[in-house]
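As structure tokens, the structure follows; a few thoughts come after it.
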Amino acid sequence: AYGWLMMFGLRTWWVGAVGTTQLRLHVSPQSLLIGLIAGVLTALLCIWLTLRSLRKASPRSLLTGSAISELSASGKQSSRRLVSVSSRLLAIIFALLGVAMLASSKFIGQVGGFFGAGTLLLVAVLFFWSWWLKSDKRATIHGQGILPMLRMGFRNAAIRPSRSVLCIALIASAAFIIVSVDAFRRNDKAASLDKKSGTGGYPLIAESLLPIVHDPNGQQGREELGLTDDNLKEVKLTRFRLRPGDDASCLNLYAPRNPRILGATGAFIKAGRFSFAGSLAQTDEEKANPWLLLIPAIAADLPPPIPVIADANSLTYVLHLKVGDETALNASDGRPVRLKIVGALADSILQGELLMSEQNFVKLFPDQQGYRVFLVEGGDPIKTATALEDKLSDYGFDAISTEEKLASFHQVENTYLSTFQTLGGLGLLLGTLGLGTVLLRNVLERRKELALMRAIGFQSSHLSLMVIAENVLLLGCGLLSGVLCAAVAIAPAFIARGGNLSIVSLSLLLLAVLLTGLAASLLAVLAAVRSPLLAALRTE
């Protein structure tokens, strides 16, 4: 049912990301069988581990239903356990600091490094909760009213510390995933016109159906094309030759076998626009402007790999290549030509094409005359787009804003992030319901204690408040741990994207989890209130 709901979302409110309404849920007997076998084996493993741990329990504790291990009750064993937890906690903290330092010094990838640090921090926090719950320091609770009952509820979480830590771990892990994934969401409210941004500083990108041979930046070319209006005096068009092919961007659901090729002019290469996620630059000049890696020309007889540059997202998720890899295609005369990826653009409007120098393009594809792709700057973007489309309508000229172009790419990325976040939200809700189940079991195991409390004067509202306080403690510790550790993990992405987080949606999701946890705890509250008093007291 959940899978069907995801498919429904992809062909309705997320259809802009996948570009088709033909997605349907396909359920095969093989997948159901695998799920069934995996679930049964997991359950059997859990049962075996539980029964194995019960071997340490005494017959008396098993008969009374408490099943408290005599070994665990030993103060000596408890002290050793606390020392072990403390040593593990310190080891993880040192590892965390080491990973963070390596990431900060760029010795390893910042995103991977900080995610590793965030994960280690999450493990360290779980060890801290384990140490805190297993600590023997317990102050006597005095007084009357709400506060003492809340303290008693908080203390009840330490009766079964392993269960409590497990509940905290479930909530914290799901919250960690949800917050971390949200940090990679793209914000397109204001596309930057910085020359080192994903737009390259160009407000418009255009493409024509027919090649344009005349230079739209020269006086003679403008007259030939009719670009003599006052609105177009300050407009400059950066031209690219185009070899048509398959779209290699994330908008294409199919694997491109023959990607589009753009031929970049020498002026564009020397301008050094756009930012790079990686390159094979070696000299200082190449590191300052990795576009210079495209300049080496091919030989006449045995051409070496042709240097090309592509967008990092296209390389990773569509072409399944990385910087330094080689791929092949056929030139206009049919001979195979090797292409070498020498650079990867960082989140650019040029996603979907492979870029090579114009010199290499002309040698490989001499039949592709003129220019068909243009980056436009200068003047008012809306008036410029309208004027160019009007004057160059015979060429099938179509201009769109680079902000809109980037937004179409980001919509796909944000959609998949939404699906991952939805899956994490499902896990978080299931973990919250599981927390209610654990509380219900705890109440059933302590029904004699609760019956005794009711017999000596505690009211039902007191017991309800105590059970809810235990639930809120575990839920709050889990949410707080997951969010704080995720803050460490997303630090590089958060800073790189200008500090944009969907605070409202995250807050609503976490609030829904909190409310779900409180609703789940009502089961435990009802069990505590409706527990038969006399029957429970007879066995006390």
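The values are calculated or read from the model by the stated rules, or taken from the named source; none is laboratory data. Since we're looking at a predicted model, the values are computed, not measured. Glycine also receives a Cβ, built like all others from the backbone with ideal geometry; neighbour counts cover every protein chain displayed. Heavy atoms of the whole protein, side chains included, go into the accessibility calculation; ligands, DNA and RNA do not. Shrake-Rupley method; radii C 1.70, N 1.55, O 1.52, S 1.80 Å.
How many angstrom lie between the Cα centre of the range 425-447 and the Cα centre of the range 276-291? Centre-to-centre distance over Cα atoms comes out at 55 Å. Net charge in the neighbourhood of LEU204 (other residues with Cβ under 12 Å of its Cβ; Lys, Arg +1, Asp, Glu -1) is -4. Across the cross-link table entries LYS322/LYS363; LYS196/LYS405; LYS236/LYS340; LYS56/LYS134, which are compared at the Cα atoms, the separations over 23 Å belong to LYS322/LYS363; LYS236/LYS340. Among PHE361, PHE8, the order of accessible area from largest down is PHE8, PHE361, computed with a 1.4 Å probe on protein heavy atoms.
A 1.4 Å probe run over the range 130-245, with the rest of the protein chains in place, finds 52 Å² accessible per residue. The packing ranking of peptides 363-373, 143-153, 474-484, highest mean first, is 474-484, 363-373, 143-153, where packing means the average number of other beta carbon atoms within 10 angstrom of each residue. Scalar couplings 3J(HN,Hα) for the range 324-333, obtained by applying the Karplus form with A = 6.51, B = -1.76, C = 1.60 to θ = phi - 60°, are x, 6, 10, 9, 9, 8, 9, 6, 5, 7 Hz; x denotes Gly and Pro. Annotation: amide H of SER58 within the under-5 Å range of GLU70, sequence separation 5 or more or interchain, hydrogens built in the peptide plane. Taking other residues whose beta carbon is less than 10 angstrom from the beta carbon of GLN368, and scoring Lys, Arg as +1 and Asp, Glu as -1, yields +2. Computed extension length for LEU508-ARG52: 160.0 nm, one decimal, from 0.36 nm per residue of separation with the Cα-Cα distance subtracted.
Here the calculated FRET efficiency for GLN30 and GLN219, from their Cβ-Cβ distance with R0 = 51 Å, stands at 0.15, rounded to the nearest 0.05. With K and R counted +1 and D and E -1, the other residues having a Cβ less than 13 Å from that of LEU280 yield a net charge of 0. Maximal additional length on extending the LYS270-SER135 stretch stands at 42.0 nm, based on 0.36 nm per residue less the C-alpha distance. Computed 3J(HN,Hα) for the range 51-62, one whole-Hz value per residue from the Karplus formula 6.51 cos²θ - 1.76 cosθ + 1.60 where θ = phi - 60°, is 5, 5, 6, 6, 5, 7, 7, 7, x, 4, 5, 5, glycine and proline marked x. 3J(HN,Hα) couplings calculated from phi for the range 162-167 with the Karplus curve 6.51 cos²θ - 1.76 cosθ + 1.60 (θ = phi - 60°) are, in sequence order, 5, 5, 5, 5, 4, 4 Hz; Gly and Pro show x.
Figure note: ASP311, ASP246, ASP390 ranked by solvent-accessible area, largest first, 1.4 Å probe, ligands and nucleic acids not counted: ASP390, ASP246, ASP311. In this structure, ASP194 and LEU534 have a Cβ-Cβ separation that, at R0 = 51 Å, corresponds to a calculated FRET efficiency of about 0.10. Using a ≥ b ≥ c from the Cα gyration tensor of the range 340-408 (square roots of the eigenvalues), is it rounded, prolate or oblate, where a/c under 1.5 gives rounded and otherwise the larger of a/b and b/c decides, a/b for prolate? Taking the square roots of the gyration eigenvalues as a ≥ b ≥ c, the range 340-408 is oblate.
Annotation: SER162 carries an accessible surface of approximately 80 Å², with a 1.4 Å probe and no ligand, DNA or RNA atoms counted. Set the Förster radius R0 to 25 Å, insert the Cβ-Cβ distance between ARG11 and GLU404 as r into 1/(1 + (r/R0)^6), and round the FRET efficiency to 0.05. Given R0 = 25 Å and the Cβ-Cβ separation, E is 0.65. Counting protein heavy atoms only, the range 302-426 has 53 percent of its accessible area on carbon and sulfur, 1.4 angstrom probe.
Surface exposure of the range 302-348, expressed per residue as accessible area with a 1.4 Å probe, stands at 44 Å².
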